[in-house]
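Heads up, the thing below is written out as structure tokens.
Bear in mind that the values in this text are calculations on the coordinates, not laboratory data. Computed from a prediction, not measured in an experiment: that's the story for all the values here. We place every Cβ from the backbone using ideal geometry, glycine too, and count neighbours over all the protein chains shown.
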């Protein structure tokens, strides 16, 4: 299960049982993410959490790193039996915008930031799968 963490929303993606293809699951309000994950774990098994690391082009932390670190800390505290790994998320928002644009989705849906977050989480997870 992967997360694209933002101040307001968190994009969530999961993978198939063979861990080959990442799929966008949903976007959750940041204040509700731990409840969402708890509920999800009652239905599905999760081997590990992947959290996108927001870095600047020069490799330094971006301004949203505070929210990411808080998310990682909360995941480790609430679900200590599930490892948490991090994946560089540079360019995921730009890639997600391109995916949305090239998909032929109408202009109104393209402006949906929740969709952007969900696709970004999918890209983070697919990148993790490919890099392992």
Seminar exercise, completed: Put in order of increasing Cβ neighbours within 10 Å, starting from the fewest, 3, 49 give 49, 3
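Arranged from highest to lowest average of other beta-carbon atoms within 10 Å per residue, in what order do the peptides 80-89, 16-25 appear? Could you put the intermediate results ahead of the total?
Details: 80-89: 14.8, 16-25: 13.3.
Order by mean packing, descending: 80-89, 16-25.
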Exercise. When ranked by the protection proxy of mean other Cβ atoms within 10 Å per residue, highest first, what sequence do the peptides 26-32, 115-121, 125-131 form?
Worked result: 115-121, 125-131, 26-32
